[in-house]
Structure formats: C-alpha cells, structure tokens
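See structure below.
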Amino acid sequence: MTVHLPTRKPARPFFSSGPCAKPPGYSPDKLATTSLGRSHRAKIGKSRLALCIDLMREVLQLPDTHRIGIVPGSDTGAFEMAMWTMLGARGVSMLSWESFGEGWVTDAVKQLNLNPTVHRADYGQLPDLSQVDFADDVLFTWNGTTSGVRVPDGDWIPDTREGLTFADATSAVFACDIPWDKIDVATFSWQKVLGGEGGHGVLILGPRAVERLESYTPAWPLPKVFRLTSKGKLAEGVFKGETINTPSMLAVEDAIFALEWAKSVGGFEGLKARCTANAEALENIVRERSWLRNLAADPATRSKTSVCLSVEGADADFIKTMTGLLEKEGAAYDIAGYRDAPPGLRIWCGATVDTTDVEALGPWLDWAYASVKSA
C-alpha cells in the first residue's frame, strides 16, 4: 500500500457532492453580465431567464408536455413547493432510504399532518418498489445523494397510475435516463450535475400535476413563494421566466454557461457518458482495494454521480482525519460522507469532473488510508 506521497494530483480536486465541480474551462469572467444590475422583470432579465429554461429543456430532452420553472430555495424549496401545493388530495406513499427522503417524510408527517405510507430501507439498500401503491401520490428520490443508491429505471412506475409521482431528481437529472412520461413532478438544482450555483431550484410539472394544481386547494395556508396558481389557474408566467421572487441573475448566467458547456460535450448523452466514465474509473479503484467497498451493494441501483464508499475499520474520526489529509495536500476536497450517513467517503462523479482526475485519486486514497492506519 502506498505510504509515500503520490507524484500526480488531480488537476481539479473538486469532488464535493454539492455544490459540485464547475464545468471544465469555467471562469467567472466568461459569464455574460448584461443582465446584472437590471431588473429581472426587464426585457433583458426575462429573456435570459427564458433562455435558461429553453436550454434546460433542450439538454434534458424534456417533452413539450412538461413545464419548467425556476423557483426559490434550491432543490429543497422546489420539492417542498410541490408537496405543500399538491399533497392532501389523496393518500400518500413515500420512499425513504437516505437522509433527504427521510426529510420529506418528516415534512409530510409533522408539517402537513398527513399520514403517509412509508417504505424504508437502510443506507445502501432500496425499498421493495413492487410494494408501492400508485393509487396514492408517490414521493421518492431518484438518486439518493447521501447513500449512493438510485432507482434502477422507471419500469416500476405504471402508466395507469392514479396518483401523481413526485421525483426529487437533483443528482439524477443530466446523468440518468428519466422517462418523463412516468414523472408528474420533478425537482432539482443547478449545483449538482451542472456544477451551477446554489439558491435556486427547478420545478418540472407534467400535465397531471397542472391538473391537480388547478382542481385542488390544500387545507393549509401557502406562503407567497409557494403559490403556483392565481384565481384557480396555473401561474404560467413562472414557467416562462417570470419568477415568483427576485432571482440572482449572476446564478442564472452561471447556469446558462453550464448548459452551453453541456451542449458542447454532446448534450444529455455527452453528460451521461462523462458520468458513466467517471463512475467506472472509481469502480476500478474500489475493485483493486480490499479496504474499500461500495455502500450500494447492487450495481443496478448504484449511483453514477454521488458514489458512497465504506472504508474498512473506519469510524467518523478516521474519515475526518483521512479526508483532512487529502484536503491539506490539495488532492481531494469535501469527500467525507454525509453527516447522517454511515462513516465513509462520498466522491462526486458527475459530468463536470474529469475522468483523469478520478483516476489520479486512487494512489492518494491509498496514501491517506495508510497514513491514518499507521498513526
């Protein structure tokens, strides 16, 4: 095992799972700035927001049946907006196998006073998808960012479902094949696969979700930043760049840069290929080391973006020391597992990471592990 300092470092040691690495070649001086200092409701502001929406539709290959809105509060705000405005019309089933999914359960039970059916699994596992009742509204995370476990596909979701499907897709969009005809509500933020800035969420609504919004009024009051209808009709402006509250136009320009970069590497297929190559490079590293293993045991449900690893014999202090050594050497930043997850490593393999940097990480993991063990 390597005990001396490796000679080659990752050129960009940014492996954080959110906010994630900026796109290769990124520099703030490359951003368009004509919209800065202007009203987001002026022609220039509206046009840039609309362009951002159009680019997301193009890169995601999203059908015209689905609307895209830029909303406050990152993915969390977008998903809670969906919950607060649409739940309560029928029964609710929720899937939880990591911290964010469990957070949505807490909101449904303690904040909305619903009584959901909850399908749970431990970190590293997936609930039994065959047990989900689609007469209910069904809420799930497509890719569990803090566990590294994802749903394998959308085949478990029936076309004839009665309830709505709500997918927290924040580390899945731009990386996974999502069958949009199976998804009524999806949310994400730019800070994951696009490497964009935080603070803004994206809400995608299919036609069945719009129908729910226009035909159902929840029993609880809605704060202004959650309101998606006016006089019983969908507030269409939200999905044309007329945001509910003031957005950061700098963050919008940052997202536009990332989306233009995505087009330059082949659009969705190019992004997906980069994620796959990165995940395979990391899998090779794991396969060659007996002291490393994937938290997600089943390859069919293993994330290709937020890859979570167990380290033999490591507790929280071991991981803290190990990742601290890597950060001090500038070899890998922010790769400790999520605070609520079992102690381990979490290495982002999204499209803005270069495969050569993942490959260079292996000897550094050896060095850090050996250093902590010997100490």
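Leaving ligands, DNA and RNA out of it, rank K373, K22, K110 by accessible area with a 1.4 Å probe, largest first. If you can, show how the numbers build up before the last one.
Numbers: K373 125, K22 40, K110 150 Å².
Solvent-accessible surface, decreasing: K110, K373, K22.
So what's the net charge close to G344: Lys and Arg +1, Asp and Glu -1, counting the other residues with Cβ under 15 Å from its Cβ?
Taking every other residue near G344 into account, the sum is -1.
Calculate one ³J(HN,Hα) per residue across region 64-80 by plugging θ = phi - 60° into the Karplus curve 6.51 cos²θ - 1.76 cosθ + 1.60, and present them in order as whole Hz with x for glycine and proline.
Once θ is set to phi - 60°, the couplings for region 64-80 become 5, 5, 10, 9, 10, x, 9, 10, x, x, 6, 5, 4, x, 5, 6, 5 Hz.
When the accessible area of the chain is computed with all protein chains present and a 1.4 Å probe, what percentage of it is carbon and sulfur?
Values: 7540 of 15350 Å².
Its accessible area is 49 percent carbon and sulfur atoms.
S248 versus A32, label points 7 Å from Cα toward the beta carbon: distance in nm?
1.9
Mind listing the long-range amide H neighbours of T229? Cut-off is under 5 Å, sequence gap 5 or more, other chains count too, H placed in the peptide plane at 1.01 Å from N.
A235
Once the Cα atoms of helix 267-287 and of the chain are each reduced to a long axis, what angle between those two axes, in degrees from 0 to 90 to the nearest 10, is obtained?
The two axes meet at around 30 degrees.
Give the peptides 66-79, 203-216 in descending order of average Cβ contacts within 10 Å, highest first.
66-79, 203-216
For L259, what is the net charge nearby, where nearby means another residue's Cβ is under 14 Å from its Cβ and Lys, Arg count +1, Asp, Glu -1?
Working: positive: K22, K30, R48, R57, K192, K263; negative: D54, E58, E197, E253, D254, E260.
So the surrounding residues net to 0.
Of the cross-linked pairs K30/K304; K9/K263; K46/K224, which ones have a Cα-Cα span greater than 26 Å in the structure shown?
Distance filter (> 26 Å) returns K30/K304; K9/K263.
Considering only DSSP beta bridges with both partners in the chain, what is the antiparallel share in %, to the nearest 5?
So the antiparallel bridges in the chain amount to around 60 percent.
When N counts the residues of region 107-183, how does its alpha-carbon radius of gyration compare numerically with 2.2 N^0.38 Å, as a ratio?
Working: Rg = 12.7 Å, N = 77, 2.2 N^0.38 = 11.5 Å.
Normalised Cα radius of gyration, region 107-183: 1.11.
Share of antiparallel DSSP beta bridges in region 146-230, in percent to the nearest 5?
60
Quick one: pull the percentage of alpha-carbon pairs in region 232-329 with a separation above 21 Å.
In whole percent, the long-distance tail amounts to 61.
So for each of 114-124, 357-367 I average, over its residues, the number of other beta carbons within 10 Å; can you give me the resulting order with the highest mean first? Kindly include the intermediate steps, with their values, before the conclusion.
Details: 114-124: 17.1, 357-367: 21.2.
Most protected by this proxy first, the peptides run 357-367, 114-124.
How do E329, E260 stack up against each other in accessible area, from largest to smallest, with a 1.4 angstrom probe?
E260, E329
Using the Karplus curve 6.51 cos²θ - 1.76 cosθ + 1.60 with θ = phi - 60°, what ³J(HN,Hα) values do you get for each residue of region 156-173, in whole Hz, with x for Gly and Pro?
Here the 3J(HN,Hα) series is 6, 9, x, 5, 9, 4, 8, x, 8, 9, 10, 10, 6, 10, 5, 10, 10, 4 Hz.
Determine the sum of side-chain charges near L271: Lys and Arg each +1, Asp and Glu each -1, restricted to other residues whose C-beta is under 14 angstrom from that of L271.
0
Using Cα centres only, tell me the gap between region 278-337 and region 1-33 in whole Å.
Region 278-337 and region 1-33 have Cα centres separated by 17 Å.
Order these peptides, 128-138, 296-306, by their mean beta-carbon neighbour count within 10 angstrom, highest first.
296-306, 128-138
To the nearest 0.05, how large is the calculated FRET efficiency for T117 and R339 if R₀ is 30 Å and r is the Cβ-Cβ distance?
FRET efficiency, T117 to R339: 0.60.
Probe of 1.4 angstrom, ligands and nucleic acids ignored: what's the accessible area per residue over the chain, in square angstrom?
Here the per-residue accessible area is 41 Å².
Using a cut-off of 20 Å between alpha-carbon atoms, which lysines can reach K231, once sequence neighbours fewer than 8 places away in the same chain are excluded?
Cα-Cα hits under 20 Å: K240.
At 222 nm, what helix-only mean residue ellipticity would the chain give, in deg cm²/dmol to the nearest 500, using -39500 (n - 2.57) for each DSSP H run of four or more?
After summing the helix terms and dividing by residue count, I get -10500 deg cm²/dmol.
What is the ratio of the Cα radius of gyration of the chain to 2.2 N^0.38 Å, with N the residue count, to two decimals?
1.00
So if the hydrodynamic radius of region 282-359 is defined as the Kirkwood radius over C-alpha pairs, what does Stokes-Einstein give as its diffusion coefficient at 25 °C and 0.890 mPa s, in µm² per second?
Here the translational diffusion coefficient equals 189 µm²/s.
Let me check against my output: what whole-number percent is the relative contact order of the chain, with C-alpha pairs under 8 Å and at least 6 apart?
So the answer I get is 27 percent.
Dipole of region 94-217, Cα-centred, from +1 at each Lys and Arg C-beta and -1 at each Asp and Glu C-beta, to the nearest 20 debye?
That gives region 94-217 a dipole magnitude of about 280 debye.
Let a ≥ b ≥ c be the square roots of the eigenvalues of the Cα gyration tensor of region 1-116; is it rounded (a/c under 1.5), or, if not, prolate (a/b larger than b/c) or oblate?
Judged from the Cα gyration tensor, region 1-116 comes out oblate (a/c at least 1.5, b/c at or above a/b).
Quick one: which residues, 5+ away or cross-chain, put their amide H under 5 Å from the amide H of A336? H built at 1.01 Å from N.
R346
Taking H placed 1.01 Å from N in the peptide plane, check which residues at least 5 places from R150 or on another chain put their amide H under 5 Å from its amide H.
G144, R302, S303
Given points 7 Å out from each Cα along the Cα-Cβ axis, report the S374 to I44 separation in nanometres with one decimal.
Rounded to a tenth, the inter-label distance reads 5.8 nm.
The values are calculated or read from the model by the stated rules, or taken from the named source; none is laboratory data. Quantities reported herein were computed from a predicted structural model and do not represent experimental measurements. Neighbour counts are summed over all protein chains in view; Cβ atoms, including those assigned to glycine, are modelled from backbone coordinates with ideal geometry. The accessibility values were calculated without ligands, DNA or RNA, using every heavy atom of the protein model including side chains. Shrake-Rupley method; radii C 1.70, N 1.55, O 1.52, S 1.80 Å.
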